[in-house]
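Report on the structure given below.
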Amino acid sequence: MFSNISISKLLGICDKNLKLIEKIYSKIIKDVEYQVLEVIITYIPSHFPHCKIENKNHNIVKNGNQIVKILLNRTCDNPVMIHAKKQRFFCKNCKKTFMAETNLTNKGCFISNNVKKSIIDNLSEIIPMKVIAKNHYISPSTVARVLRSTESKNNKCWFPEVLGIDEFKSTKSVDGSMSVNLVDIETGKIIDIVSDRRKRFLGEYFNSYNKSIRNNVKYIVTDMYPTYIELAKILFPKAEIVLDKFHIVQLFTRNMNKLRINEMKNFKIYKHEYKMMKRYWKILLAKEWELESIKFYKCIGYKKFTNSRGIRNDILSYSNTLKEAYIFYQEVLSVIELKDIEGFKKLLNQDINEIPECFRTSIESLNKYKKYAINSLKTGYTNASVEGNSNLIKAYKRVSFGFRSFRNMRIRILLRNRFKTQKNGKSESLNCETDFAA
């Protein structure tokens, strides 16, 4: 026979005032089979909570009980429900009554705190809220209330030395189409999510921080969105602006790919040249020193054995324009890879007429932010962690089929940031004394 203590430990019940009075039995509630425990919650109170009188000479006496339901976590894939008889007490001094208290749940709530902790752990993972509600036998709106109970106020008393800024597609409840993700580049953790990336809203957000706090920022890593750069100059006067290296490379990569498509259209779709330029487009965009030149293998469209470097040479032989652009494109990748500042300056300072036509707009754009582009090579800071967090947000939106509420999305992303699931399967969680506003 199992004792009350054994059953309590098995179910995660840590209330010493709870006593099992009946055997566990099954009961169907709304087409769901629950394992039900009949328990009683009683104790001898030390004082009355209203008048604060001590319990001496039987001033506080028992006065019946009230049955309440408490939902626990599942055991053997079945939900567990407690039918608890909570003792009612009567005070002879002030003629008022009160109920016995339990640490299983908050006052007026039937969902146990252990269930709420399990919900929070699931919310920190990429799982739809409807699935979380189904697994815990509660409604999605209850999951949303538990989620909002974890919302923490941003005291706005700190900024990292290296601040990363990037935008992502926002929810329909936000007026602007894009929201802003602020990340500490050195740790990769999200600082906050701003609902709108437009200058007025973003300026108001940064101005809410004290000037001395903003002056602690040494570097701001961003793309070439003008609003970010303008606000960084005004609101972060002591910070150096660093253009994200990925966006610099992306400028030239897109231009190179557009040129390949245009040159490909000069051939008929059934021609060998057209098929090769379409199938092996990634080879043209790859770094030249990473192409295979030693091993040979069978490739689609070739009767002989070849490799990526051989395919590259064949494609470039189809168009002189493409070949000239490819040589310049590889020079750009090389100086960025080697962090060759002088070589990078030399490329930007070239006569515009000597640059392949497809790259002229990109060179002009970089010349506007020449100093910030050079900072990218000097410091080596990138927005890789910011892009990673943006992909995480997209994953949450995808499994949830989008968010209606920006607030819920923001809370959940920041919750993930605070309660990351560890590799060993454990996760940081709230302690037993945390209050939940359900």
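What to note about this one:
- Once Rg and the Kirkwood radius are both taken over the C-alpha atoms of the stretch 371-416, their ratio Rg/Rh works out to 1.21.
- Local charge for M81 was computed over the other residues whose Cβ lies under 12 Å away, with Lys and Arg +1 and Asp and Glu -1, and equals +2.
- Antiparallel %, DSSP beta bridges [both residues in the chain], to 5: 70
- Counting 0.36 nm for each residue step from R407 to N320 and taking away their Cα separation leaves a gain of 25.9 nm.
- If the convex hull is drawn through the Cα atoms of the stretch 54-105, its volume per residue in Å³: 88
- The angle between the Cα long axis of helix 140-149 and the main principal axis of the chain comes to about 90°, on a 0 to 90 degree scale.
- Residue-averaged [θ]222 nm for the chain, counting only DSSP H segments that reach four residues, each worth -39500 (n - 2.57): -12000 deg cm²/dmol
- Radius of gyration and maximum dimension Dmax of the stretch 155-280, Cα, Å: 20.0, 65
- Accessible surface of the stretch 230-369, 1.4 Å probe, proportion on carbon and sulfur as whole %: 51
- Intensity falloff of the stretch 297-425 expressed as log10 I(q)/I(0), Debye formula with alpha-carbon point scatterers, at q = 0.13, 0.16 Å⁻¹: -0.87, -0.92
- Three-way shape label, the stretch 169-219, alpha-carbon gyration tensor, a/c 1.5: oblate
- Scattering curve values for the stretch 264-305, log₁₀ I(q)/I(0), Debye with Cα scatterers, q = 0.13, 0.26, 0.30 Å⁻¹: -0.35, -1.01, -1.08
- One quarter of the surface of the convex hull around the alpha-carbon atoms of the stretch 69-214 equals 14.5 nm², the direction-averaged projected area.
- The chain shape via C-alpha gyration tensor axes, a/c threshold 1.5: prolate
- Relative contact order (%) - criterion: Cα under 8 Å, at least six apart; region: the stretch 113-166: 28
- If only the Cβ of Lys and Arg carry +1 and only the Cβ of Asp and Glu carry -1, the dipole of the chain around its Cα centre is close to 1420 debye.
- A 1.4 Å probe run over the protein chains yields, for the chain, 56 Å² of accessible area per residue, whole-number rounding.
- Pairs beyond 22 Å (Cα-Cα), from K275/K304; K169/K233; K172/K394; K172/K397: K169/K233
- F296-E125 FRET efficiency (beta carbon distance; Förster radius 30 Å; 0.05 resolution): 0.05
- Calculated diffusion of the stretch 335-408, Stokes-Einstein form, Kirkwood radius summed over Cα pairs, 10 °C and 1.306 mPa s, µm²/s: 103
- Contour minus Cα-Cα distance for N93 and S26 (0.36 nm per residue): 19.8 nm
- Remark: spin-label model distance S212-K268 equals 7.7 nm, labels positioned 7 Å along the Cα→Cβ axis.
The values are calculated or read from the model by the stated rules, or taken from the named source; none is laboratory data. What you are looking at is a predicted structure, and each value in this text was computed from that prediction instead of being measured. Cβ sites come from the backbone with ideal geometry, for glycine too, and all protein chains shown count toward neighbours. Accessible surface areas use protein heavy atoms only, side chains included; no ligands, DNA or RNA. Shrake-Rupley method; radii C 1.70, N 1.55, O 1.52, S 1.80 Å.
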